[in-house]
Amino acid sequence: MRKTLAGIMWAAVAATGAGAFAMLALARGEPVNAAWLLAAALCTYAVGYRFYSRFIAHRVFALDAARETPAERLEDGRDYVPTNRWIVFGHHFAAIAGPGPLVGPTLAAQFGFLPGALWIIVGVVLGGAVQDFVILAASVRRDGRSLGQMARDEIGPVGGVTALLAVLGIMVILIAVLGLVIVNALRASPWGTVTLALTIPIALFLGVYLRWLRPQRVLEATAIGVAMLIGALLAGRWVADQPALATLFTLSASGLAWSLMIYGLAASVLPVWLLLAPRDYLSAFVKIGVVVGLALGVLVVLPPLRMPALTPFIDGTGPVFAGRVFPFVFITIACGAISGFHALIASGTTPKLLAREPDARLIGYGGMLTESLVAVLALIAACALTPGVYFAINAPVTALGATAESAAAAIRGWGFVVTPAELSTLARQVGEHTLLSRTGGAPSLAVGMAYIFSRALGGVSDTAMALWYHFAIMFEALFLLTVLDAGTRVGRFMLQDILKYVWAPLGRVSWYPAVGIASALFVAMWGHFLYQGVTDPLGGINSLWPLFGISNQLLASVALCVGTTIIIKMGKARYAPVTLLPLVWLITVNMTAGWLKIFSPDPRLGFLAHARSVTDAVAAGHLPAGVASAAAAARIVFNDRLDAAVAAFFLVAVIVIVAESAREWVRTLRGRAVRRSTEVPFHPRAAAVGAD
Amino acid sequence: MRSRGRRMVAALRAGGSALRGVCAAVIGVPDYERYVAHLRRHHPDQAPQPRAEFAREQMRRRYDRPGSRCC
């Protein structure tokens, strides 16, 4: 009886989800309500969690509550600590959720809401959540070993080195592109700049507070910090209202880029208690608070999606970034659907905290579903804007021109309605001079969030819109800055790990010259790409975001290769398609996108074609639009070739890791290789009940 | 009546401290008490690290490898 009831209930959930998808796909002309998108997502997640993650937990891994976890076996009160699964869930979610799932879906909205929504929802259930879950379960069975170590142990040394280089590469591109997003959000915005700049002394103050004034009172300090952030928000508005001060804090894009590099260098060299840790605590709270707030806001407002299901730009002519819907929607949205970076978290702190093996299902699979929901919310916020406003904010200046009039004309040419007055009114409402060509996704998301928050809390007044807009910008920038500073520090350690083979003392992590050299080198690496993005006449996002997507999916390929190898070595080859199918899909997407980015004859899309077009233009005696001098043109050509080389490196890395893995699979299946899986043998939990 | 009030205050206090514990664990604050308790139970011969040193070292370890933060 109960079984029948449950069956009926799950059938109803599945039917609701399918119905919601039909509404989304078939609606034409009339705006669809966001409720349908939410319903489609939540029903699919529920069915995926209940059935597919259960299948993986029971059939593929046979997760066993009676088996000791590393947290129990190796408990040391420091890293290995058995922890309540909901706390680990929160911890894991706070670690995986970053700006990625906010920015990607916003950019991909140029294709309309449907392609992004389908990829986020289907991709997470069959790909992203599977990857996180499989890697977490594998790492739990291997004393919490990292992805790199597992790649070396299971696939071989070549796989291990490739994974290491891939991680370094992804860090460089990731930090550069996130830096570019910050620059575009704060460029010529004294309010935003002052607010974000003030978060740095706030973090320093909290660091000092926690060290000397009230040691260990982390929550108290964080509460003070949150109050100070609100103060910073108001201070930013005050500065923007004082003409003299406002000019002082109106920074150019390149000025902001240099400031970020200096900040990254400082964060990498300064002790962590002073800057990184307090800032991290602060941003973890703000992050969870805003995500919950955004979910509630969307639920209360349930905005109509004013972006059409599909725009004409699925043919690759879109202004936000170049390329057709296949493969570029799958590259643009990485986080939220499948993000290789999560494999580092799932094999980092999290596996050392699990109290019971089966908790991996909630934390790995469930945690990623939650991040996917964040991506859906971001997509809703972006698509709640009218398409005209969306493209005015997200298209580069080469497509729009510099004035509201030229922008409105260009957007009308694409078939969307917007008036110059609308654009300047909106800019004034949110307290900015202009919102035109603020590429990178953060500002249009902030406008969407400001709209949703102010509607949810009654009435869209100008004051409310402006405060919410800058709150959203501050929140996103805080997010981005946290990745930038912690990432620079991690990158510095990774570089030192490599440099020690050149000269041993360079590997010493507390020797100032070595620390300084490695930090400067790493900052120079991402700084180069950031600066290139800032000065790129095509807007920078167009070249850097796809590179980031490709590198993230490369890491996901590494993770899925490791997962497949482990499943095969467990003697469960018949279940290998669980990770093999998403892997095949990712390889297809990645290879196609990488190939197009390098070799496409379209100068907007292909790096080499763009380099050629600039060279030809200079040879013909005139400079392309947006290029100031012959020297600048030469730099662009150099950067195009560098980008092509980076993309080629990522593609070669995919091929190497897949080939190495496939060789290992064949050897294992043919019985030629000993199944030398590194899984820790089963050890039952000591006298399960009552024992500590 | 009075004891009931006192019980409520005690319950609120316990709830508050539990909530603090959850928040601290979620954002990844090192738990010194737990470390000392573990050492007392399993390695009574070892002297625990002083609190400040423990906190500093845990923090340092958290930021020297990928795996604590994502995009």
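A few remarks follow.
- Residue within segment A:608-629 that is in contact with a Ser or Thr (Cβ under 9 Å, 6 or more places away or on another chain), closer than 13 Å to A:T535 by Cα and assigned to a helix (DSSP H, G or I) present: no
- If only residues of segment B:4-39 that are assigned to a loop (DSSP other than H, G, I, E, B) and in contact (Cβ under 8 Å) with a residue 12 or more places away in the chain are counted, the one that is farthest from A:L276 (Cα to Cα) is B:P30.
- Hey, A:A284 closer than 30 Å to A:R28 by Cβ, within 14 Å of chain B (Cβ to nearest Cβ) and buried (at least 20 other Cβ atoms within 10 Å of the Cβ) or not: no
- Residue identified as surrounded by 19 or more Cβ atoms within 10 Å (Cβ to Cβ), without any contact (Cβ under 8 Å) to a residue 60 or more places away in the chain, within 14 Å of chain B (Cβ to nearest Cβ) and at negative phi among A:G289, A:G225, A:G264: A:G225
- Among the residues of segment A:134-175, those that are closer than 18 Å to A:Y80 by Cα and assigned to a loop (DSSP other than H, G, I, E, B) comprise A:R141, A:R142, A:D143, A:G144, A:R145, A:S146.
- Residue selected from segment A:486-502 under the condition surrounded by fewer than 16 Cβ atoms within 10 Å (Cβ to Cβ) and part of a loop (DSSP other than H, G, I, E, B), by the criterion nearest to the other protein chains (Cβ to nearest Cβ): A:Y501
- Long-range neighbours under 8 Å by Cβ, at least six apart or interchain, first residue touching a residue at least 40 places away in the same chain (Cβ under 8 Å) within segment A:177-193, second acidic (D, E): A:V181/A:E476; A:A185/A:E476; A:S189/A:E432; A:W191/A:E432
- Looking across A:R361, A:R356, A:R412, one residue alone is among the basic types (K, R) and closer than 30 Å to A:A166 by Cα. It is A:R361.
- Looking only at residues of segment A:353-365 that are in a helix (DSSP H, G or I) and out of contact with any strand residue (DSSP E or B) (no Cβ under 8 Å at 6 or more places or on another chain), we find that the one that is farthest from the other protein chains (Cβ to nearest Cβ) is A:R361.
Residue by residue, here is whether (1) out of contact with any Ser or Thr (no Cβ under 8 Å at 6 or more places or on another chain); (2) crowded, with 16+ Cβ neighbours inside 10 Å; (3) under 20 Å from A:P99 (Cβ atoms); (4) among the aromatic types (F, W, Y) holds:
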residue: A:V172; (1), (2), (3), (4): yes, yes, yes, no
residue: A:I175; (1), (2), (3), (4): no, yes, yes, no
residue: A:I182; (1), (2), (3), (4): yes, yes, yes, no
residue: A:T195; (1), (2), (3), (4): yes, yes, yes, no
residue: A:T199; (1), (2), (3), (4): yes, yes, yes, no
residue: A:R217; (1), (2), (3), (4): yes, no, no, no
residue: A:A221; (1), (2), (3), (4): yes, yes, no, no
residue: A:L229; (1), (2), (3), (4): no, yes, yes, no
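- For segment A:70-86, the criterion of being surrounded by fewer than 24 Cβ atoms within 10 Å (Cβ to Cβ), away from chain B (no Cβ under 14 Å) and within 30 Å of A:A446 (Cβ to Cβ) is met by no residue.
- From A:F93, A:F89, residue being aromatic (F, W, Y), out of contact with any Phe, Trp or Tyr (no Cβ under 8 Å at 6 or more places or on another chain), modelled with pLDDT of 95 or more and not in a loop (DSSP other than H, G, I, E, B): A:F89
- In summary, A:P505 fulfils each of the numbered conditions (1) assigned to a helix (DSSP H, G or I); (2) in contact (Cβ under 8 Å) with a residue 12 or more places away in the chain; (3) surrounded by fewer than 24 Cβ atoms within 10 Å (Cβ to Cβ) with the single exception of condition (2).
- Checked against (1) more than 7 Å from chain A (Cβ to nearest Cβ); (2) surrounded by fewer than 18 Cβ atoms within 10 Å (Cβ to Cβ); (3) within 18 Å of A:V272 (Cβ to Cβ), B:F54 passes all but condition (2).
- Residue within segment A:345-352 that is under 17 Å from the mean Cα position of the chain (by Cα), within 12 Å of another protein chain (Cβ to nearest Cβ) and surrounded by 24 or more Cβ atoms within 10 Å (Cβ to Cβ) present: yes
The values are calculated or read from the model by the stated rules, or taken from the named source; none is laboratory data. Computed from a predicted model, the values in this text were never measured in an experiment. Positions of Cβ are backbone-derived with ideal geometry, glycine not excepted, and every protein chain shown enters the neighbour counts.
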